[in-house]
Amino acid sequence: MRSESHSRHRRKEILRGILAVSIIIVGLTHFIRPEQYARIVPPPFPPLASVYLSGFFEILGGIGLLIPFVSVAAAWGLVSLFIAVFPANIYMTLHNIEIDGIPHSQSLYVARLPFQAVLIAWAYWYTRQPETQPEAREVAAHAEPLMNR
């Protein structure tokens, strides 16, 4: 039983690394090719400022996910970020906006929309059971009362 629990924990930590590194890379691309992301920012928002802000928080969230003391807070930040950028994904899909490096396919854009829920759930997974995450227990103890207000 212990080895099964250890295996699950190990798998969760490997997936944490994959999410963190992936989101850091995506965040960096916001600064390398901001015009690509600016195309999908819905009109009421300032395009470049939105791209740089979301890229900054993606990088920050990815790094934070790897730091045990702040990983729970970082996971909550990523959940919020994934929800906040969802309108851009919808806008891209509705207007069939082409992005360099992504196959231009309306069906791909539509299929991508539910993937945002996967990203949200993936980040949310790291907000759960902080007692099993090194040093995150203390942060969770302070954050829990604030979240339950």
How many residues, within region 67-80, are surrounded by fewer than 23 Cβ atoms within 10 Å (Cβ to Cβ) and modelled with pLDDT of 95 or more? 4
State all residues of region 23-77 that are touching a Ser or Thr at 6+ places or on another chain (Cβ under 7 Å), hydrophobic (A, V, I, L, M, F, W, C) and farther than 17 Å from I97 by Cα; if no residue qualifies, say none. L65, V72, A75, W76
Under 7 Å between Cβ atoms, which residue pairs at least 6 apart in sequence (or on different chains) link something in region 41-63 that is in contact (Cβ under 8 Å) with a residue 40 or more places away in the chain with a partner that is of a type in the set (F, W, Y)? P42/Y91
Under 7 Å by Cβ, and 6 or more places apart or on different chains, what pairs join a residue from region 104-122 that is under 15 Å from P87 (Cβ atoms) with one that is surrounded by 12 or more Cβ atoms within 10 Å (Cβ to Cβ) and among the polar types (S, T, N, Q)? Y109/T93; R112/N89; L113/N89; L113/T93; Q116/N89
Being not in a helix (DSSP H, G or I) and not aliphatic (A, V, I, L, M) is the filter here, so list the residues in region 61-103 that pass it. H95, N96, E98, D100, G101, P103
Can you work out which of the residues in region 34-66 that are surrounded by 15 or more Cβ atoms within 10 Å (Cβ to Cβ) and of a type in the set (D, E, K, R) is nearest to P87 (Cα to Cα)? R39
Are any residues in region 99-114 within 20 Å of S54 (Cα to Cα), modelled with pLDDT under 95 and surrounded by fewer than 12 Cβ atoms within 10 Å (Cβ to Cβ), and if so, which ones? D100, G101
Residues that are under 30 Å from I97 (Cα atoms), modelled with pLDDT of 95 or more and surrounded by 14 or more Cβ atoms within 10 Å (Cβ to Cβ): does region 10-18 have at least one? no
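The values are calculated or read from the model by the stated rules, or taken from the named source; none is laboratory data. Nothing here was measured: the structure is a model prediction, and the numbers come from that model. All Cβ positions, even for glycine, are placed from backbone atoms using ideal geometry, and neighbour counts span all protein chains on display.
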